Amino acid sequence: MLTSASAQTHRNEIDSRLNPGFRHAEPARLLADAYAIASAVAVSVESRETKRDCLDLAIQIERYLLDTLSELRVTRDDVTSQFDELREEREAWPESISDAAWERLGNARTLRDIADVICGGGDYWEAIRVALWDEFEPRTSEYECWPRTLYLAFDGDDWRESEALAADMPQQFASRLNSVLERVKARTDERFAMVVWSVQDVLDGVARRRDESFSDMGEATWEQAGVTRDWVEEVVAGVESAMSDRMTEKGWEVLEDAIGEALDDDDE
């Protein structure tokens, strides 16, 4: 927490201009603090060289924060265009987006925190489509992708081209390619998403809890974790209400604490 009045003034100024969706993420907080300190020091320092260095640093940080994290917004027209495109293949969807649906979409994490999606490597258009799917086509089957991820290994065009390529191959090669595609799909279905924790995150957390030697970069199997899908879904459902932010470092702590409590309850 910044203590000097001048630094706090600079910090409040930059905060007011940042995208709310990214304002409280740890990288943005640290950069905003560095900007505030550099700006405050530049005013009081006597050395011309140090003053110049501080101002140069503050300008670079300000430019990055505002260019990258401030003006990124989802427009109503972009949501409408994606809705119209998706609706062409979905007769059950309404003809237009109602006022109530617009309000829910505006509060959807993917659209509210679009800066996090982009800066985390996600895709702007995919984020909009995921939000629309969640609004108008809720999951009804345990076999559907859970969670819906913004890190799709293939997009739709890639997938269709790969299937077409397999169709033109001799059978033995086509079978091998299709098996690879199925592995990619299965891995994607349980991969980390921008907005929620994935099945794999929970399995890894359980494995680390039970075996300190388990690698932080490892991916645990169901056998290594020794838990059921129902158990995982129960843990995730319990922690989602505790987190309204994105997957920051605090988010990982919340998930790890929830896993620990659930395992302790099982042992009792």
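The table below lists the values:
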read-out: Answer from 263, 255, 177, 203 - the residue that is modelled with pLDDT of 70 or more, touching a Gly at 6+ places or on another chain (Cβ under 9 Å), part of a helix (DSSP H, G or I) and not acidic (Asp, Glu); value: 255
read-out: Within segment 72-96, considering residues that are assigned to a loop (DSSP other than H, G, I, E, B) and among the β-branched types (Val, Ile, Thr), the one farthest from residue 131 (Cα to Cα); value: 75
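Matching residues to (1) at pLDDT 85 or above; (2) in contact with a helix residue (DSSP H, G or I) (Cβ under 9 Å, 6 or more places away or on another chain); (3) over 28 Å from residue 112 (Cα atoms):
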site	(1), (2), (3)
6	yes, yes, yes
14	no, yes, no
17	no, yes, no
26	no, yes, no
32	yes, yes, no
37	yes, yes, yes
41	yes, yes, yes
45	yes, yes, yes
63	no, no, no
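The values are calculated or read from the model by the stated rules, or taken from the named source; none is laboratory data. Remember, it's a predicted structure, so these values are computed and weren't measured experimentally. In this analysis, Cβ positions are derived from the backbone assuming ideal geometry, glycine residues included, and neighbour counts consider all displayed protein chains.
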